[in-house]
1. When you go through (1) surrounded by 19 or more Cβ atoms within 10 Å (Cβ to Cβ); (2) over 21 Å from the mean Cα position of the chain (by Cα) one by one for residue 101, which number turns out not to apply?
2. Somewhere in the range 152-168, is a residue touching a strand residue (DSSP E or B) at 6+ places or on another chain (Cβ under 6 Å), among the polar types (S, T, N, Q) and buried (at least 20 other Cβ atoms within 10 Å of the Cβ)?
3. Could you tell me whether the range 244-266 includes any residue that is within 29 Å of residue 131 (Cα to Cα) and free of Cβ contacts under 8 Å to residues at least 12 places away in the same chain?
4. What about residue 150, is it part of a helix (DSSP H, G or I), touching an Asp or Glu at 6+ places or on another chain (Cβ under 8 Å) and either closer than 23 Å to residue 221 by Cβ or not aliphatic (A, V, I, L, M) (or both)?
5. One residue is enough: does the range 20-28 have a residue meeting the conditions in a loop (DSSP other than H, G, I, E, B), over 30 Å from residue 120 (Cα atoms) and in contact (Cβ under 8 Å) with a residue 40 or more places away in the chain?
6. With the condition kept exactly as written, say whether any residue in the range 62-81 is outside any loop (DSSP other than H, G, I, E, B) and either over 30 Å from residue 240 (Cβ atoms) or open to solvent by less than 50 Å² (accessible area, probe 1.4 Å) (or both).
7. Across the range 294-311, which residue is farthest from residue 322 (Cα to Cα) among those that are buried (at least 22 other Cβ atoms within 10 Å of the Cβ) and touching a strand residue (DSSP E or B) at 6+ places or on another chain (Cβ under 7 Å)?
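The values are calculated or read from the model by the stated rules, or taken from the named source; none is laboratory data. None of these values were measured; they are calculated from a predicted model. Positions of Cβ are generated from backbone atoms using ideal geometry, with glycine treated the same way; all protein chains shown enter the neighbour counts. Quick note on the areas: whole protein, heavy atoms, side chains included, nothing else; ligands and nucleic acids left out. Shrake-Rupley method; radii C 1.70, N 1.55, O 1.52, S 1.80 Å.
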Amino acid sequence: MRDLIERLYREQTLPPDKLRTLLTCCDDEHLLLIRQKACEVAQTHFGNSIYIRGLIEIGNCCRNDCYYCGIRCSNRAIERYRLDKEDILACCREGYALGFRTFVMQGGEDSRSHDEQMIDIITTIRQHYPDVAITLSLGEKDTATYRRFYEAGANRYLLRHETHNEQHYRMLHPEKMSLSNRLRCLNDLKDIGFQTGTGIMVGSPGQTIDHLIEDILFIGDFRPQMIGIGPFLPHHDTPFADRPTGSLKQTLLLLAIFRLMHPKALIPSTTALATLVPDGRELGILSGANVVMPNLSPSQQRHKYALYDNKASMGAEAAEGLKLLEERMKAIGYIIDKSRGDYPGTSDPL
């Protein structure tokens with residue numbers, strides 16, 4: 001096992017059979033070793049800096065019905081909301097004053113009319129804050145809409161593929177959704193020029209080691225600038241309400257694997273990880289992650305963006321808790337970096 005970890009560290013790749021061994025036979029001792037190697041790689045490229053992004057959850061209205069998601073359109077129990085333009089600009093003003101130089105606007109897959117509003121919002125943010133990076137995570141769109149988002153001033157787009165296996169995809173999504181369209185979206189985003197992110201849920205219902213290997217190989221071929229992974233967490237108003245949460249150990253192992261395979265990638269330590277265990281944010285950083293996304297959303301709305309139960313959104317997970325986050329990062333040997341934190345070598349115009 002030690003030889004496999006050293007090989008991955010040196011070569012940034014492993015064949016499928018070796019990945020299987022790593023995923024199935026990694027005990028606690030070797031998990032600690034691979035996490036240490038991942039941190040070494042991250043520090044080589046980023047030092048002890050952790051980039052911060054201000055997360056703005058713009059709305060929980062979604063036309064899709066993904067079986068794992070609390071804001072799925074079939075959930076009649078959730079209270080829906082949309083932030084208007086002034087709400088979003090107020091979040092940006094607060095975030096900019098706190099030192100954030102990346103805003104991440106995340107929401108459900110909303111209507112075409114909402115896409116038009118988003119283009120206006122992106123344009124206004126770019127005019128008011130020419131030095132910030134604008135990241136979107138708004139799901140699947142047509143090519144023309146992605147291009148308009150980019151031309152309006154967005155720099156990055158996060159779109160987790162969740163699984164690259166067609167059979168597994170069908171277990172997680174209704175018939176009207178398709179894996180081929182999700183992959184089309186990812187290719188469009190890269191072709192247009194976005195810094196593009198994808199990723200998976202760890203421990204999603206029906207997921208196997210074969211699926212994980214397929215995902216690792218897909219991400220290896222796609223070479224995204226951002227990789228977002230976190231544990232599956234159930235929501236009580238979904239078909240997967242009684243399914244177990246994703247494994248902490250497996251999530252940390254995959255974070256480390258992705259860091260070793262993608263040394264320069266921007267990899268967040270996710271809110272889902274911080275929700276799974278109290279020190280999840282720190283454990284992610286100590287497994288090779290180099291991004292955190294404190295919540296800038298209006299505090300009265302945060303509980304409504306319920307992708308899963310008991311989502312962490314206060315304290316060190318909140319923008320107003322930035323000092324606490326800085327203290328917690330310092331305690332494990334890291335500092336908060338308030339720059340844009342672009343993918344190395346990227347030169348987005350300001």
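1. Condition not satisfied by residue 101: (2).
2. There is at least one residue in the range 152-168 that is touching a strand residue (DSSP E or B) at 6+ places or on another chain (Cβ under 6 Å), among the polar types (S, T, N, Q) and buried (at least 20 other Cβ atoms within 10 Å of the Cβ).
3. So far as the range 244-266 goes, no, none of its residues is within 29 Å of residue 131 (Cα to Cα) and free of Cβ contacts under 8 Å to residues at least 12 places away in the same chain.
4. Here the answer is no, as residue 150 does not meet what is asked.
5. Checked against the condition, which is being in a loop (DSSP other than H, G, I, E, B), over 30 Å from residue 120 (Cα atoms) and in contact (Cβ under 8 Å) with a residue 40 or more places away in the chain, the range 20-28 yields at least one hit.
6. No, because not a single residue in the range 62-81 is outside any loop (DSSP other than H, G, I, E, B) and either over 30 Å from residue 240 (Cβ atoms) or open to solvent by less than 50 Å² (accessible area, probe 1.4 Å) (or both).
7. 305
Conditions (1) in contact with a Lys or Arg (Cβ under 7 Å, 6 or more places away or on another chain); (2) at pLDDT below 95; (3) open to solvent by 20 Å² or more (accessible area, probe 1.4 Å), marked per residue:
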site	(1), (2), (3)
91	no, no, no
107	no, no, no
123	no, no, yes
128	no, no, yes
131	yes, no, yes
143	no, no, yes
147	no, no, yes
